[in-house]
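Notes for the one structure printed next.
The values are calculated or read from the model by the stated rules, or taken from the named source; none is laboratory data. Predicted model only: the values in this text are computed from it and were never measured. Note that we place each Cβ from the backbone using ideal geometry, even for glycine, and neighbour counts take in every protein chain shown. What goes into the accessible areas is simple: the full protein's heavy atoms, side chains included, and nothing from ligands, DNA or RNA. Shrake-Rupley method; radii C 1.70, N 1.55, O 1.52, S 1.80 Å.
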Amino acid sequence: MTATAPLVSCVLLTFNHERWVRDALDSILGQPHPAGRLQVVAVDNGSTDATVEILEAYGDRVEVHALDGGSLNDALNVGLARIDGDFFTVFSGDDVWTPDRLPAMLEVFAERPGVGLVYGDMEVIDGDGALLHRSWRELNGVPVDEGDLLGRLLERNAVFGPAMLVRGTLKPAIAPIPPQAAWEDWWFASTVARLAEIAYLPFPVTRYRRHGAALSNVDTAEKEARFLREDLRFRGWLLQNASAGDASPEEIVTAVLAQLDGVARLAELTSRPLASAAGVSAGDQRRARAAARAARSLTDPHARLAGLARAVGHDPTDIRLGRELSAAAGAAEAADAGHVLGPVDPAWLLDGARARITLLRLEDLSPALLARYAERVGPDDDATLALFAPDGDAGEVAALVDGALAEAGVDPERAPDMLLVGLPDTPAVRAALAVRAHALLSDAATVAWPFAGLPRVDAVLVG
């Protein structure tokens, strides 16, 4: 590298990292990059050990800012305001850069001027530095994503904060990080994706340390519920800011299903009213209704779909919005099939179903219900009764249905069209079924969300 090498800035976040912060700093400062072209700004967020003293011992090689505590975003914003590199990253004082990380990442930027962010994989190590897993991505089942990622980032994030490097010209769009950004790396990735491509290096660029309080687990229902609420809030905010053209219909529906999946899981974890459990206020519900009304007035199918996505972003507990969005995605696909990457809604769950779908849970199956349905729907009607039999043996379930039809006095030749859905009983499957179906056939006094959002079959015209 020469004196014209790019300036690379790193915001190093520390909190009680005295055991590991030297390794973190040495791995950054020891990169094969001119020392004068590395800027390290360390922001300590209220350490009570010797972390700050260790940082200050590095002299003018590290700019140190000691805070009294606060949110992660607050600390990041302090550091981001003080860097001015051609490229920048954020890092934790307990992790380690791999050797030659910077040259590999800078080479991607040099070869691909349209790339705004480069990230790689991470090794996972323990508190003593012993290898726990060679790939964070494989360990967590995170797929590789690169290129134009904005649509996919509406659903999930695949960019790992400790393993990324960002083009400096994009910092004004990223910083300061807004309070709505629950996950800083997801915010970085989604913001960059609006402006540039994202590239992936298929090898570890970081040694990510798992230890004590840094073990990111949700081992209690309370922790999982808190995590889900934050996740729903940030996903919802991304959807609220979606515009026509940001994503394909498939990507928007997938993102909405992720929201419904999270709400369904919250319903299992909490005994609170669903809107309260999910953090949906009366104002959010009003904004959702207003967004839906505005979307219905739009003639462009992609604009209407984006508008309904904004409505779901405000209130993911209203399953009716999910069903309306699913239908709008189909219209958008029909209007511009070339824009779609694949199936646009959870129709694969009900492959072969007719236009009008009524859902019947196995637990609700009874001769009386089948008789009532068969009185209104015949074999020639454009309607399907989908029997949700989670993990059930197809032969045994078919025998139960045949017995119930016989007891109901329904002639097999005159029986309505039926479809067995034998998928696992998970929040994701239930959310997708609730979006795809039009009504629920059940005599149960109460039904858990999301099926509670489906109208009962007696209240709607079927067939």
Distance from segment 227-253 to segment 296-312 (C-alpha centre basis), Å: 13 Å
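Assuming a ≥ b ≥ c are the square roots of the Cα gyration tensor eigenvalues, decide whether segment 236-388 counts as rounded (a/c under 1.5), prolate (otherwise, with a/b larger than b/c) or oblate. Please report the intermediate quantities before stating the final value.
Values: a/c = 2.10, a/b = 1.27, b/c = 1.66.
Because a/c hits 1.5 or more and a/b fails to exceed b/c, segment 236-388 counts as oblate.
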For segment 40-105, rounded, prolate or oblate, judged on the Cα gyration tensor with a ≥ b ≥ c (square roots of eigenvalues), a/c < 1.5 rounded, else prolate if a/b > b/c? prolate
Under a 5 Å amide H to amide H cut-off, with H placed in plane at 1.01 Å, what residues pair with Leu13 once short-range neighbours are removed? Val43, Phe91, Ser92, Gly93
Return the inverse of the average 1/r over all pairs of distinct C-alpha atoms in segment 249-317, which is the Kirkwood hydrodynamic radius, in Å to one decimal. 12.6 Å
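Ignoring any ligand, DNA or RNA, what whole percent of the accessible area of the chain comes from carbon and sulfur when the probe is 1.4 angstrom? Numbers along the way, then the final one.
Numbers: 10230 of 19990 Å².
The nonpolar share, carbon plus sulfur, comes to 51 percent.
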Can you run phi through the Karplus equation (6.51, -1.76, 1.60; θ = phi - 60°) for segment 385-393 and list ³J(HN,Hα) in whole Hz, with x for Gly and Pro? 9, 9, 8, 8, 10, x, 6, x, 5
Angle between the chain longest axis and helix 301-314 axis [Cα atoms, degrees, rounded to 10]: 80 degrees
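Mean residue ellipticity at 222 nm from the helices of the chain, using -39,500 (n - 2.57) per DSSP H segment of n ≥ 4 over the full residue count, to the nearest 500 deg cm²/dmol?
On the way: 17 runs with 184 residues, N = 463.
-12000 deg cm²/dmol, from helical runs alone.
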Just the number, please: percent antiparallel of the DSSP beta bridges in the chain, rounded to the nearest 5. 20 percent
Only one of the values [x] 1.04; [y] 2.29; [z] 1.16 was calculated from this structure for Cα Rg over 2.2 N^0.38 Å; name its label. [z]
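Leaving out ligands and nucleic acids, note down the accessible area per residue over the chain with a 1.4 angstrom probe, in whole Å². Walk me through the intermediate numbers first.
On the way: 19990 Å² over 463 residues.
Spelled out: the 1.4 Å probe surface of the chain, per residue, equals 43 Å².
What fraction of the Cα pairs in segment 30-168, stated in percent, has a spacing above 26 angstrom? Intermediate results must be reported in sequence, preceding the final value.
Details: 3114 of 9591 pairs.
Looking at segment 30-168, the distances longer than 26 Å represent 32 percent of pairs.
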The alpha-carbon center of segment 100-141 and that of segment 256-288 are separated, in whole Å, by 35 Å
Extending each Cα 7 Å along its Cβ direction at Glu396 and Arg22, get the distance between those two points in nm, one decimal. 6.2 nm
